[in-house]
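J.: Handing you this structure, nothing more for now.
The values are calculated or read from the model by the stated rules, or taken from the named source; none is laboratory data. These figures come from a predicted structure and were not determined experimentally. All Cβ positions, even for glycine, are placed from backbone atoms using ideal geometry, and neighbour counts span all protein chains on display. When the accessible area is computed, the model is the full protein with side chains, heavy atoms only, and any ligands, DNA or RNA have been set aside. Shrake-Rupley method; radii C 1.70, N 1.55, O 1.52, S 1.80 Å.
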Amino acid sequence: MNLAQLAVLLNTIHNFSSQYDSLKFNCYWYTFTLGEVIRLGFDGLVSSDEKVGHRGFCGPLELRKVNSVDAVIADYWEAWKLNKQHITENKRVQKHWYQLEMGSSVQLQQQLDAERMQSALVREALEQSEQDLEQAKCAQERAEQERAECEAQLKVALQELARLQAL
């Protein structure tokens, strides 16, 4: 993993949950997710410590409630792909600017304008995909909340059933 990839990964994890949540998306979640993505996505050895399995725990209390590793890996590869496209696009634009400075022509200017339009479309598509991703995250959070509510209702129902059976 190079520095650019690390920067994109850190940004991807931040974007996955940009709001700090002491019960879910906390520093333990962030560092666990970072380590697991490096380990799983890049065949990296994060730690050789025998207590690595105790990450995210404070004694018996689990502090890391959400495992987002697979989703972050998917988001990372999409962000990295877009980053590479952006870099390629910037290199092409820089090359054309240089050619324009060295001796511009109408054809080169038209080509540059077309590439600018294409670049604007790519930016719009990136913004739309970021909005879609945010909506998907909201939907996932709602689903997790509904699941938790259903589990709580099931627990109450099972306790009531046990109470009735005891009678």
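J.: What's the number of the condition Thr88 fails, among (1) over 19 Å from the mean Cα position of the chain (by Cα); (2) under 24 Å from Asp132 (Cβ atoms); (3) at pLDDT below 75?
T.: The failed condition is (3).
J.: Can you pull out the residues in the stretch 1-25 that are under 15 Å from the mean Cα position of the chain (by Cα) and polar (S, T, N, Q)?
T.: Gln5, Asn11, Thr12, Asn15, Ser17, Ser18, Gln19
J.: Let me ask you something else. Hey, Ile73 hits all of (1) β-branched (Val, Ile, Thr); (2) open to solvent by 70 Å² or more (accessible area, probe 1.4 Å); (3) under 33 Å from the mean Cα position of the chain (by Cα) but one; which does it fall short on?
T.: Every listed condition holds for Ile73 apart from (2).
J.: Since Arg123 meets every condition but one in (1) more than 25 Å from Phe42 (Cβ to Cβ); (2) under 15 Å from the mean Cα position of the chain (by Cα), which condition does it not meet?
T.: Every condition holds for Arg123 apart from (2).
Each row is one residue, and each column tells you yes or no for (1) touching a residue at least 12 places away in the same chain (Cβ under 8 Å); (2) assigned to a helix (DSSP H, G or I); (3) under 30 Å from Gln5 (Cβ atoms).
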{"residue": "Asn83", "(1), (2), (3)": "yes, yes, yes"}
{"residue": "Ile87", "(1), (2), (3)": "no, yes, yes"}
{"residue": "Met102", "(1), (2), (3)": "no, yes, no"}
{"residue": "Ala120", "(1), (2), (3)": "no, yes, yes"}
{"residue": "Glu141", "(1), (2), (3)": "no, yes, yes"}
{"residue": "Glu151", "(1), (2), (3)": "no, yes, no"}
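J.: Quick check on the stretch 54-84: of everything there that is of a type in the set (Lys, Arg) and either at pLDDT 80 or above or in contact with a helix residue (DSSP H, G or I) (Cβ under 7 Å, 6 or more places away or on another chain) (or both), which residue is nearest to Leu133 (Cα to Cα)? Outline the logic, then answer.
T.: Taking the stretch 54-84 first, the residues of a type in the set (Lys, Arg) are 55, 64-65, 81, 84.
Subsequent filtering for residues that are either at pLDDT 80 or above or in contact with a helix residue (DSSP H, G or I) (Cβ under 7 Å, 6 or more places away or on another chain) (or both) retains 55, 64, 81, 84.
On the way: Arg55: 28, Arg64: 22, Lys81: 16, Lys84: 19 Å.
Across the stretch 54-84, the extreme among qualifying residues is Lys81.
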